[in-house]
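For reference, the structure discussed in these notes is given below.
The values are calculated or read from the model by the stated rules, or taken from the named source; none is laboratory data. Since this is a predicted model, take the numbers as computed values, not measurements. We place every Cβ from the backbone using ideal geometry, glycine too, and count neighbours over all the protein chains shown.
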Amino acid sequence: MKLLKKRKTLLITLVMCVSLLLLFSQAAFATDGVKLSASSEKGDIGDEVTVTISIENALETEGGQFDLSFDADIVEPVSATRGGFVPDISGNLFDYNLDLADGELRVVWVTAAGATDDSGTVGYITFEVLDEGETDLTFSNIVISPDDVDVADPAPGSIEFEEVDELQDAIDAANQAIADLPDPDDITLADTDDVVDARTLVNAAKELGAEDDDFEDLQKLEDAEEKIAKLQAIKAADDAILALPSVDILTLDDKPDVVAARALVDKAKTEHGAEDDDFTYLERLRASENRIKELEGLVPTPPTGGISYLLPLGLMIVLAGLFFFVKRSRPASR
């Protein structure tokens, strides 16, 4: 009797183990199958939100289709576009019907040569939010090619109404743009577009009613703008100097350009605090200015060589005088 009871207990245990094994096997099998999923998004009434349709475990599949259900009182599909999983190449197809039925749409795709990726984005579906509330996005009628491909349970998505605080979003965007800027001391001309974009976001927020105190580090933006203005002024001066003819071919016709280059240097100094060391070609400008003075008959100054030709001339005069003095001092020959 005890032996029979033990055998019965062993048999029950064996059956339970087999059942659990089958259960776990089915779960693993389902997980390994091709799986579709939809993202969850939020939006305000009138907004358009885009839901991403993803696929997993789909290497070498040749296409498929699915229906997607939604609450037509809350959202309305307006467009669909292919994703990277379905490349736009010959033989491939991405198609859809957004009016399949009330609250239903259908997507069909083909990867004729077989999918080259194991996972990716099948497509994007854009909905307009019509009313407050939340709608699930559920899959049905899933077909994957070829027919012997296993399909796992899909993961539904959702769209939820969320009132947008436009002013706060604008302030947050401006603050993030400012925070992303380098420190003013590290700003270069390459950062010009980022600085301009940050100021544009600040102005956009102000048009919605934001004030200076709403921005966490407005001084950083202002310092960055001043640094950009200084660098631009220095570059304008350097570019003007570099555009001048070389000193050896400079003429009086070039005087207005020389004067204009000097004016740009002075402007960078007086308006932006630039110093001589900030300019790359300042010595060239000075040489050009000295050459203009020479051409105008004014007293030349270094480094254009005014003294360089006066010294040999003076030496010649001294030697000539010495020659005549010695000649006159010598006694006449008998």
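Among the residues of the stretch 93-106, those that are over 25 Å from G46 (Cβ atoms) and surrounded by 16 or more Cβ atoms within 10 Å (Cβ to Cβ) comprise F94, R106. Per the listing T280, T188, the residue uniquely surrounded by fewer than 16 Cβ atoms within 10 Å (Cβ to Cβ), in contact (Cβ under 8 Å) with a residue 40 or more places away in the chain, assigned by TED's automatic domain parsing to the domain that holds Q176 and over 29 Å from the mean Cα position of the chain (by Cα) is T280. For D136, the conditions (1) surrounded by 18 or more Cβ atoms within 10 Å (Cβ to Cβ); (2) more than 30 Å from K206 (Cα to Cα); (3) touching a strand residue (DSSP E or B) at 6+ places or on another chain (Cβ under 7 Å) are fulfilled apart from (1). Looking across Q176, Q219, one residue alone is modelled with pLDDT of 95 or more and within 22 Å of the chain's Cα centre (by Cα). It is Q176.
Entry remark, the stretch 153-185: residues being surrounded by fewer than 12 Cβ atoms within 10 Å (Cβ to Cβ) and either among the basic types (K, R) or closer than 30 Å to L36 by Cα (or both) number 1 in total.
Beta carbons closer than 7 Å, at least 6 apart along the sequence or on distinct chains, pair a first residue in the stretch 123-147 that is under 18 Å from S79 (Cα atoms) with a second that is modelled with pLDDT under 95 and buried (at least 16 other Cβ atoms within 10 Å of the Cβ) for V129/G43; V129/F161. Is it fair to say A198 is modelled with pLDDT of 95 or more, closer than 11 Å to A174 by Cα, among the aliphatic types (A, V, I, L, M) and in contact with a helix residue (DSSP H, G or I) (Cβ under 7 Å, 6 or more places away or on another chain)? Considered against the rule, which asks whether it is modelled with pLDDT of 95 or more, closer than 11 Å to A174 by Cα, among the aliphatic types (A, V, I, L, M) and in contact with a helix residue (DSSP H, G or I) (Cβ under 7 Å, 6 or more places away or on another chain), A198 comes out as yes.
For L242, the criteria (1) in contact (Cβ under 8 Å) with a residue 40 or more places away in the chain; (2) farther than 23 Å from A261 by Cβ hold in every case but one, which is (2). Scanning the stretch 263-280 turns up no residue that is over 30 Å from R199 (Cβ atoms) and in contact with an Asp or Glu (Cβ under 6 Å, 6 or more places away or on another chain). P245 passes every criterion in (1) surrounded by fewer than 16 Cβ atoms within 10 Å (Cβ to Cβ); (2) at pLDDT 95 or above; (3) assigned to a helix (DSSP H, G or I); (4) not β-branched (V, I, T) apart from (3).
Selection of the stretch 105-150 for residues being more than 17 Å from D32 (Cα to Cα) and polar (S, T, N, Q) yields T111, T116, T121, T126, T135, T138, S140, N141. A Cβ distance below 6 Å, combined with a sequence gap of six or more or placement on separate chains, defines the contacts here; from the stretch 67-84, residues that are surrounded by 18 or more Cβ atoms within 10 Å (Cβ to Cβ) reach residues that are aromatic (F, W, Y) in the pairs V75/F127; P77/F127; A80/Y96; R82/F94.
Return the only residue of D117, D73, D131 being outside any strand (DSSP E or B) and either within 29 Å of the chain's Cα centre (by Cα) or of a type in the set (S, T, N, Q) (or both). Explain how you work it out, then say what you get.
Values: D73 fails: either within 29 Å of the chain's Cα centre (by Cα) or of a type in the set (S, T, N, Q) (or both); D131 fails: either within 29 Å of the chain's Cα centre (by Cα) or of a type in the set (S, T, N, Q) (or both).
Result of the check over D117, D73, D131: D117.
If you check D253, D257, D266, D238, which single one turns out to be modelled with pLDDT of 95 or more, surrounded by 17 or more Cβ atoms within 10 Å (Cβ to Cβ) and of a type in the set (D, E)? Being modelled with pLDDT of 95 or more, surrounded by 17 or more Cβ atoms within 10 Å (Cβ to Cβ) and of a type in the set (D, E) holds for just one of D253, D257, D266, D238, which is D238. Candidates in the stretch 33-69 are the residues that are among the β-branched types (V, I, T) and assigned to a strand (DSSP E or B); of these, the one that is farthest from T116 (Cα to Cα) is V49. Taken as a whole, the structure places L208 among residues that are out of contact with any Ser or Thr (no Cβ under 6 Å at 6 or more places or on another chain), over 23 Å from K293 (Cα atoms) and not charged (D, E, K, R).
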